[in-house]
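First the structure, in the form of structure tokens, and then the observations on it.
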Amino acid sequence: MDESVLKGNTAILKCHIPSFVSDYVFVISWLQDDGHEILADGGPYDSKYLVLPSGELHIRDVGPEDGYKSYQCRTKHRLTGETRLSATKGRLVITEPVGSRAPSFSFESQILIIKRPRGSTFALLCPAQAFPTPTFK
């Protein structure tokens, strides 16, 4: 699916997995149309591309060049080991901000409770878009 994003903000692409297999299927990578593969278990958190444990692909500091690429997710079945590439490709629809724009979310946010063992790491994200690009604390 296509995702709208303001230039300079972070885009979030989701892999749409049917609910009847969602307990058994997980995202292992995202593939760009130029053949570049973004692995779910690799890449530093400060790189342009990040695949979260949820399977979402985050693309930082989106620019016009990112609108020319398309993305497909690759999934793996936990039981059978079968891998599949999504049938459809998603693109970024990048808009140039005109004037200032207050922070907004592309989807409804909800309150989450996150429990992790002491010393473990996790990602806590705030998918807001704005112009100028929002800062987070």
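I'd like to know if region 46-53 contains one or more residues that are open to solvent by 90 Å² or more (accessible area, probe 1.4 Å), out of contact with any Pro (no Cβ under 6 Å at 6 or more places or on another chain), assigned to a loop (DSSP other than H, G, I, E, B) and at pLDDT 90 or above. There is no residue in region 46-53 that is open to solvent by 90 Å² or more (accessible area, probe 1.4 Å), out of contact with any Pro (no Cβ under 6 Å at 6 or more places or on another chain), assigned to a loop (DSSP other than H, G, I, E, B) and at pLDDT 90 or above.
Close Cβ contacts (under 6 Å, 6 or more residues apart or on different chains) running from residues in region 78-102 that are open to solvent by 90 Å² or more (accessible area, probe 1.4 Å) to residues that are not in a strand (DSSP E or B) comprise R78/Y24; L79/Y24; R91/D2; E96/K7.
Selection of region 8-27 for residues being over 29 Å from P64 (Cβ atoms) and in a strand (DSSP E or B) yields V25, F26.
Flag: D33 matches the condition of being in contact (Cβ under 8 Å) with a residue 40 or more places away in the chain and either over 19 Å from Q129 (Cα atoms) or open to solvent by less than 30 Å² (accessible area, probe 1.4 Å) (or both). Close Cβ contacts (under 8 Å, 6 or more residues apart or on different chains) running from residues in region 14-26 that are within 25 Å of R91 (Cβ to Cβ) and open to solvent by 50 Å² or more (accessible area, probe 1.4 Å) to residues that are at pLDDT 90 or above and of a type in the set (D, E) comprise K14/E56. Please specify each residue of region 66-77 satisfying the condition of being in a loop (DSSP other than H, G, I, E, B) and crowded, with 16+ Cβ neighbours inside 10 Å. The answer is none; no residue qualifies.
The values are calculated or read from the model by the stated rules, or taken from the named source; none is laboratory data. Being a predicted model, the structure only gives us computed values, none of them experimental. Reconstructed Cβ throughout: ideal geometry from the backbone, glycine too, with neighbour counts over all protein chains shown. The accessibility values were calculated without ligands, DNA or RNA, using every heavy atom of the protein model including side chains. Shrake-Rupley method; radii C 1.70, N 1.55, O 1.52, S 1.80 Å.
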